[in-house]
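Written out below as structure tokens is the structure these notes cover.
The values are calculated or read from the model by the stated rules, or taken from the named source; none is laboratory data. Everything numeric in this text was worked out from a predicted model, so none of it was measured. Ideal geometry is used to build each Cβ from the backbone, glycine not excepted, and the neighbour counts take in all protein chains shown.
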Amino acid sequence: MAQKILQAGLSSGMSAVSGYHSAKPRSLDPPYDGLKHVVPDSFTPQLDTRYTLCGKDGKDVQVPLISWGAWPWGDTSTFHWSDDELPALRAAWQQCLKQGMTFVDTAQVYGTGRSEEILGDLINNHSAGVPREKFIVQTKWLPHVTDAATNVLHPVDAPVKQLRKTLDRMNLTYIDCYLIHGPVHISSIKQAAKGLAKCVEDGMTRTVGVANYSVDDMLKMKEALAEHGIPLATNQCEYSILRRMPETEGMLEACKANDIVFQSYSSIAQGRLSGKYSKANPPPKEYRFSSYDMEYIEPVLEVQRKLAQKYNVSVAAVALNWNICKGAIPVVGMRKESQAVENMAALGWRLTKEEISELDKHGFEGNTTKLWQQG
């Protein structure tokens, strides 16, 4: 049921382009310089490169530069999942294990808990010889959907109660990062921060973060958590060549200034930047993030194809490398082995500033929404 509520929400305005699918996307103003966000020339992302999610008392979590988005796992409303896909997913997982790329992002609402169950099964039953500390497990609490009554009646304890259910589903004793899925909680930021702090103090999560928060609310959450001696580790927002709002609104700069890792979901725009789709073969209507007509996306895809040929990588890898060069950790869906291999090919090389500028030229600013995508 929760996954259907999520899809209904997306169709009614949670996505920044929902209801405006036929509108021409807004380009950035010509004077805008996206290169100011690019990581130093000396930095080349590698499979073994790690960023730091800051934890309490220096108990940090080291994470690789790609996170596997597990929203498709178990989700029948948006991604039409079937458990017949499990063998393909397990084969992809083995590729990830070989490369040490075991950072997975899921949520309590994905597949109404099924995504968390699948991830727990991968860790517990399909990772022989790999110790628990080698996995980075991140999940998200979505107020008013996972358990509306608890969220209203127990504004502080709601995320605590839901995380206990997560751990039961995953058959794990702790996770590595726990996010508030969106800024839609009735509880105040201080109450939500107290609930996250309890999760850390009870040993159920090592770090905490938020998703879809604006810059202002992100910094308010940082201050609220600091009262409990806990850093804000991360903010996760939609960010890609097709939605550069986190650049123009100051999110990337604020994260860097405050030691907050920025994660970019829909980093290949739900496949629109993967090379899989075209004007003649558009993505499913349920894929609502960056849901622009493919005719508007063709110019950037043309540049991506050229660069993919130059670097001998997939079209998707070019879009992911662009994210990484802007300082983000992209969250990208993975359901089969070929996707894992193609996406990991985003590492081991980097785009030049001239190439990033060429991609930027064809990008869009995007929008925010009052309901959901505030960051």
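The table for this structure:
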{"quantity": "Among the candidates ASN125, ASN171, residue that is at pLDDT 95 or above, surrounded by fewer than 22 Cβ atoms within 10 Å (Cβ to Cβ), farther than 23 Å from GLN62 by Cα and among the polar types (S, T, N, Q)", "calculated": "ASN125"}
{"quantity": "Cross-chain or 6+ apart pairs with Cβ under 8 Å, region 305-326 first and over 15 Å from HIS362 (Cα atoms), then assigned to a helix (DSSP H, G or I) and modelled with pLDDT under 95", "calculated": "LYS326/GLY34"}
{"quantity": "When residues of region 348-375 are limited to those that are basic (Lys, Arg) and more than 15 Å from THR248 (Cα to Cα), the one surrounded by the fewest Cβ atoms within 10 Å (Cβ to Cβ)", "calculated": "LYS370"}
{"quantity": "Count of residues meeting criterion [buried (at least 23 other Cβ atoms within 10 Å of the Cβ) and closer than 14 Å to GLN270 by Cα] in region 310-332", "calculated": "7"}
{"quantity": "Lone unmet requirement of (1) at pLDDT 95 or above; (2) surrounded by 15 or more Cβ atoms within 10 Å (Cβ to Cβ) for PRO131", "calculated": "(2)"}
{"quantity": "Evaluation of GLU238 against (1) more than 26 Å from PRO25 (Cα to Cα); (2) crowded, with 24+ Cβ neighbours inside 10 Å (one fails), failing number", "calculated": "(1)"}
{"quantity": "LEU273 in contact with a Lys or Arg (Cβ under 6 Å, 6 or more places away or on another chain), crowded, with 19+ Cβ neighbours inside 10 Å and at pLDDT 95 or above", "calculated": "no"}
{"quantity": "Residue count, region 177-194 (criterion: in a helix (DSSP H, G or I) and either of a type in the set (D, E, K, R) or farther than 17 Å from THR234 by Cα (or both))", "calculated": "3"}
{"quantity": "In region 218-227, the residues that are farther than 18 Å from THR52 by Cα, surrounded by 17 or more Cβ atoms within 10 Å (Cβ to Cβ) and not hydrophobic (A, V, I, L, M, F, W, C)", "calculated": "LYS220"}
{"quantity": "Considering residues of region 241-261 that are aliphatic (A, V, I, L, M) and in contact with a Leu (Cβ under 9 Å, 6 or more places away or on another chain) only, the residue surrounded by the fewest Cβ atoms within 10 Å (Cβ to Cβ)", "calculated": "ALA254"}
{"quantity": "Which listed residue, of ASP57, ASP48, is under 25 Å from ALA197 (Cα atoms), surrounded by fewer than 15 Cβ atoms within 10 Å (Cβ to Cβ), out of contact with any strand residue (DSSP E or B) (no Cβ under 9 Å at 6 or more places or on another chain) and at pLDDT 95 or above", "calculated": "ASP57"}
{"quantity": "Selected residue (only one of GLU223, GLU238 is acidic (Asp, Glu) and free of Cβ contacts under 8 Å to residues at least 24 places away in the same chain)", "calculated": "GLU223"}
{"quantity": "Residue, nearest to LYS326 (Cα to Cα), within region 243-283, restricted to residues that are in contact with a helix residue (DSSP H, G or I) (Cβ under 9 Å, 6 or more places away or on another chain) and aromatic (Phe, Trp, Tyr)", "calculated": "PHE262"}
{"quantity": "Residues being in a helix (DSSP H, G or I) and more than 16 Å from the chain's Cα centre (by Cα) - total across region 248-292", "calculated": "5"}
{"quantity": "Breaking point among (1) crowded, with 24+ Cβ neighbours inside 10 Å; (2) among the small types (Gly, Ala, Ser); (3) farther than 19 Å from THR369 by Cβ, for SER264", "calculated": "(3)"}
{"quantity": "The listed residue being touching a Cys at 6+ places or on another chain (Cβ under 6 Å) and of a type in the set (Gly, Ala, Ser), out of ALA233, ALA257, ALA308", "calculated": "ALA233"}
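Residues are listed down the side, and each one gets a yes or a no for (1) touching a strand residue (DSSP E or B) at 6+ places or on another chain (Cβ under 7 Å); (2) β-branched (Val, Ile, Thr); (3) farther than 25 Å from HIS37 by Cβ:
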residue: GLU286; (1), (2), (3): no, no, yes
residue: ILE297; (1), (2), (3): no, yes, no
residue: ASN321; (1), (2), (3): no, no, no
residue: MET334; (1), (2), (3): yes, no, yes
